[in-house]
Amino acid sequence: MLRLLDISKTYSLKAVLRGVYLELKDGEAFVLFGPNGAGKSTLLKIAAGLMSPNTGRVELTTDSHSHSSIFYIGHKNGLYNELTVLENIRFFQDITGSRNSNTILREILMEFGLWQRRNDPVKQLSQGMKRRLSLMKGFISGADLLLLDEPFSGLDIRWKEIILERLRGLKKQGVSLLMVTHLIKEGLSIADRIGLLENGILRLQCKTEEITEEEIKEILRGGVCR
Amino acid sequence: MKKDRITKILLVLVLLMLPVNFYLIFQVAPTERIMGDVQRIFYLHVSLAISAYIGFGVLFVSSIMFLIKKNLYWDTLAYSAGEVGLMFSTLVLITGSFWARPVWNVWWTWDPRLVTMLILWFIYIGYFMLRKSISERLKKARYSAIIGILGFLDVPVVRLATKWWRSIHPRLSKEGGGLDPLMIKVMLFSLLTFVVFTIVIIIFRFRVAWAEERLYSILNEMEEYHE
Amino acid sequence: MNSMFFLFGAYSVAWLVVAGYLFFNLRKLKNVETRIEDIEELLRRKHQ
Amino acid sequence: MGFVGNTFAIVKKDLLLELRAKEAISIMVFLSLLLLVVFNLSVEIDTENVSRLAPGILWVVFAFSGILGMGRTSLSERDDEAYLNIYFSSVNMESFYLAKVISNLLFLLLMEMFTIVSFVILFDYERLIFALAPLSLPLLLGSFGFSVVGTLFSFLSTGSRFGEIILPFLFLPVVVPILLGGVSSTDIILNGSGGDSPAKWLKILLVFDLLYFCISLILFRYIIEE
């Protein structure tokens with residue numbers, strides 16, 4: 001599905017990523033942990049095609065090579081604050097050509113607690129609601145590959161569980177997922193494989209079973225990597 | 001390095017041509033019947049205009065190359081040439097009014113060629129303002145390349161528009177071709193001198209800019225080394 | 001004849017500005033080169 | 001969704017956004033009114049010279065309030081990185097740019113109508129209304145040129161520290177041919193002795209529009225991509 005080959009990036013004269021190799025198969029979820037400034041977001045942006053790496057290549061093997069087979073959600077929510085919830089969704093559906101029926105939309109809006117506020121402008125929504133609306137776009141985009149940067153920011157336990165449940169549903173439908181987060185428990189609960197990025201180097205890459213939450217916390221605290 | 005040899009040759013060439021050019025303009029070229037000696041500004045004024053256009057032309061080409069190659073080498077060449085072009089275009093405007101004053105006792109003439117140069121001057125003031133307003137190096141290069149390209153395209157259109165708008169440029173320079181043949185030879189030599197001279201200055205300015213860019217990247221590398 | 005003033009005025013302004021520009025860049029180049037030498041010297045001391 | 005469908009969807013969104021926020025159009029309308037008043041107070045205008053001054057005043061007002069108004073329209077795309085929706089959709093950059101040019105063109109035309117009406121009222125100059133039919137061509141061609149350059153430059157400025165302050169510096173020199181073409185053709189239409197026709201000036205406007213539209217279409221993607 002997605003292959004990152006020897007990606008390195010110097011960003012305003014500072015090396016942010018050094019020779020990162022990463023592969024993601026169809027329907028697989030890869031979660032990337034790492035301290036702040038390790039280059040996680042940059043790697044995600046390069047995978048999304050938003051940024052071009054200084055060296056290395058991004059290979060994307062999907063049926064259609066257009067951008068619409070990928071969907072990236074960054075720190076920012078990417079919403080039109082002046083438009084209402086429904087207007088944002090309808091516009092998003094128009095341009096991605098994804099045809100979710102009104103009933104599906106109603107159901108997912110209800111599940112995300114946005115149905116009552118569907119006709120309010122986004123700027124009046126709480127931070128958590130905006131984040132859920134932003135994530136919702138990912139779920140209805142019909143993309144084969146979802147790239148999520150700190151998806152859970154601003155969400156409490158209850159919503160995290162619903163989002164994780166939705167992500168598991170997408171994985172069953174064969175959607176691949178590349179996620180960056182510092183929430184280890186949530187990350188592990190969805191990931192098939194995890195990776196640890198430090199100072200632009202992918203120090204560790206292994207299956208979720210091969211490592212425990214404690215070990216990751218230990219490594220992140222600066223312990224030695226096996 | 002091969003490039004150094006070429007610049008050395010050009011430098012020697014310029015050092016020879018400049019005094020000869022000076023001598024030709026003031027000693028050899030005949031005095032113009034109507035305007036008298038002041039007409040000799042004409043050689044300098046037109047040569048400076050050519051130099052300005054070379055500067056902006058190099059900026060135009062290297063902006064395109066930067067967008068294609070994404071290598072900061074081209075961006076450095078772009079703003080170096082742009083700076084040289086801006087300097088020369090300022091001089092064109094100044095010498096233009098120095099010429100207009102004695103001949104038509106007016107400080108500024110709305111002649112199509114001068115207006116085109118004035119508009120171009122404003123465009124590249126905008127170019128450097130845009131560069132100064134963006135901090136991130138790569139975005140600064142990318143955005144200024146767009147002005148570098150679009151600005152240069154304005155030249156033919158503005159030239160055409162102002163030509164129809166109003167032109168009181170002296171008939172003389174229009175019949176530049178019909179002028180005394182000796183004058184034309186002197187003019188051609190002066191143009192050639194300034195073409196070579198502009199290229200040498202652009203290379204020199206580029207050297208300085210490239211050294212600065214490398215210095216800043218070394219310094220940044222150093223800071224990281226100390227971390 | 002004041003027109004001679006403008007003739008020499010134009011030429012002197014032009015050459016003054018060009019010479020000033022070259023001199024300003026020469027000084028900038030010197031400045032950059034000295035700083036590069038400082039760094040090389042620093043690196044040499046570090047490696048001893 | 002085809003090229004036209006996507007473009008239309010984005011234009012619809014822009015119009016809806018503008019209807020809601022009314023940011024760009026309010027700047028355009030109020031600034032043009034203010035400029036007219038300032039012109040009236042500062043320039044000796046009476047019934048004789050009004051028709052000679054009208055073209056110049058109108059087109060300067062169009063250019064100034066136009067560019068400052070257009071500067072706002074790209075903000076809605078950038079402030080929450082909302083343009084990523086479009087980037088990751090089946091919409092290609094060309095239709096995104098075309099949509100923005102069309103919506104800006106509509107705002108400009110709206111502002112121009114308002115300016116012409118207020119000019120008639122403030123300067124007591126009815127001929128402007130009668131000449132509206134022949135004037136429509138220069139207005140349309142000129143505004144399209146304004147929109148082509150203004151849209152591109154407004155995306156340039158929102159990414160920088162000075163923001164919109166430098167916009168007029170970038171915009172006005174480049175659109176001098178439109179100002180010349182617009183003012184001359186308007187002058188001929190309003191005061192022409194019937195002999196000369198504005199054709200040659202309209203040709204300049206057309207050449208400018210085509211040249212800059214093609215080049216900007218190519219350059220636009222370089223502004224959006226990192």
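Remark: D:Val29 matches the filter, which requires a residue to be away from chain A (no Cβ under 14 Å), part of a helix (DSSP H, G or I) and over 20 Å from D:Leu190 (Cβ atoms). Say we look at the range A:153-165 and pick out the residues that are in contact (Cβ under 8 Å) with a residue 24 or more places away in the chain and surrounded by fewer than 17 Cβ atoms within 10 Å (Cβ to Cβ); which of these is farthest from the chain's Cα centre (by Cα)? Per the stated criteria, the residue is A:Asp156.
Restricted to the range B:75-127, and to residues that are more than 10 Å from chain C (Cβ to nearest Cβ) and among the charged types (D, E, K, R), which residue is farthest from B:Tyr43 (Cα to Cα)? Ranking the qualifying residues of the range B:75-127, first place goes to B:Asp75. Do any residues in the range A:102-128 that are surrounded by fewer than 14 Cβ atoms within 10 Å (Cβ to Cβ) have Cβ atoms under 8 Å from those of residues that are outside any helix (DSSP H, G or I) and among the hydroxyl-bearing types (Ser, Thr, Tyr), where the two are at least six apart or on different chains, and which pairs are they? From the range A:102-128, the pairs are A:Asn119/A:Thr84.
With closer than 26 Å to D:Leu152 by Cβ and surrounded by fewer than 20 Cβ atoms within 10 Å (Cβ to Cβ) as the only criterion, which of D:Arg72, D:Arg52, D:Arg78 stands out? First the steps, then the outcome.
Values: D:Arg72 fails: surrounded by fewer than 20 Cβ atoms within 10 Å (Cβ to Cβ); D:Arg52 fails: closer than 26 Å to D:Leu152 by Cβ.
Among D:Arg72, D:Arg52, D:Arg78, only D:Arg78 is closer than 26 Å to D:Leu152 by Cβ and surrounded by fewer than 20 Cβ atoms within 10 Å (Cβ to Cβ).
Of the set (1) more than 7 Å from every other protein chain (Cβ to nearest Cβ); (2) surrounded by 18 or more Cβ atoms within 10 Å (Cβ to Cβ), all apply to B:Ile134 but (1). Considering every residue within the range D:200-217, establish whether at least one is more than 11 Å from chain B (Cβ to nearest Cβ), more than 19 Å from B:Pro156 (Cα to Cα) and surrounded by fewer than 20 Cβ atoms within 10 Å (Cβ to Cβ). Checking the range D:200-217: at least one residue is more than 11 Å from chain B (Cβ to nearest Cβ), more than 19 Å from B:Pro156 (Cα to Cα) and surrounded by fewer than 20 Cβ atoms within 10 Å (Cβ to Cβ).
Contact annotation: residue pairs with Cβ atoms under 6 Å, 6 or more positions apart or on different chains, pairing a residue in the range D:134-152 that is closer than 15 Å to D:Arg72 by Cα with a partner that is crowded, with 22+ Cβ neighbours inside 10 Å and among the basic types (Lys, Arg), are D:Thr151/D:Lys100. For D:Gly182, are the conditions met, namely being more than 9 Å from chain B (Cβ to nearest Cβ) and without any contact (Cβ under 8 Å) to a residue 40 or more places away in the chain? It is false that D:Gly182 is more than 9 Å from chain B (Cβ to nearest Cβ) and without any contact (Cβ under 8 Å) to a residue 40 or more places away in the chain. Specify the residue that is surrounded by the most Cβ atoms within 10 Å (Cβ to Cβ); the eligible residues are those in the range A:67-101 that are more than 11 Å from chain D (Cβ to nearest Cβ) and assigned to a loop (DSSP other than H, G, I, E, B). Only one residue tops the list, namely A:Asn100. For the range D:1-26, taking the residues that are more than 19 Å from D:Leu105 (Cβ to Cβ) and not in a helix (DSSP H, G or I), the one that is farthest from the other protein chains (Cβ to nearest Cβ) is identified as D:Gly2. Within the range C:9-21, the set of residues being more than 7 Å from chain B (Cβ to nearest Cβ) and surrounded by 14 or more Cβ atoms within 10 Å (Cβ to Cβ) comprises C:Trp15, C:Val18. Restricting attention to the range A:166-205, the residues that are aliphatic (A, V, I, L, M) and without any contact (Cβ under 8 Å) to a residue 40 or more places away in the chain total 3. The selection criterion, being over 18 Å from D:Val207 (Cβ atoms), modelled with pLDDT under 90 and facing chain D (nearest Cβ under 9 Å), does not hold for B:Ile168. Pick from the range D:81-123 the residues that are more than 14 Å from chain A (Cβ to nearest Cβ) and among the β-branched types (Val, Ile, Thr): which of them is surrounded by the most Cβ atoms within 10 Å (Cβ to Cβ)? Checking each candidate, the answer is D:Val101. Of D:Phe123, D:Phe144, all but one fail to be at pLDDT 85 or above and in contact with an Asp or Glu (Cβ under 7 Å, 6 or more places away or on another chain); the exception is D:Phe144.
Kindly indicate whether A:Ala15 is over 20 Å from D:Phe96 (Cα atoms), at pLDDT below 85 and either of a type in the set (A, V, I, L, M) or in a helix (DSSP H, G or I) (or both).
Values: over 20 Å from D:Phe96 (Cα atoms): yes; at pLDDT below 85: yes; either of a type in the set (A, V, I, L, M) or in a helix (DSSP H, G or I) (or both): yes.
Criteria met by A:Ala15.
Among the conditions (1) within 14 Å of chain D (Cβ to nearest Cβ); (2) touching a helix residue (DSSP H, G or I) at 6+ places or on another chain (Cβ under 6 Å), the only one that A:Asn119 does not satisfy is (2).
The values are calculated or read from the model by the stated rules, or taken from the named source; none is laboratory data. Small disclaimer: the values here were computed from a predicted structure and weren't measured. We place every Cβ from the backbone using ideal geometry, glycine too, and count neighbours over all the protein chains shown.
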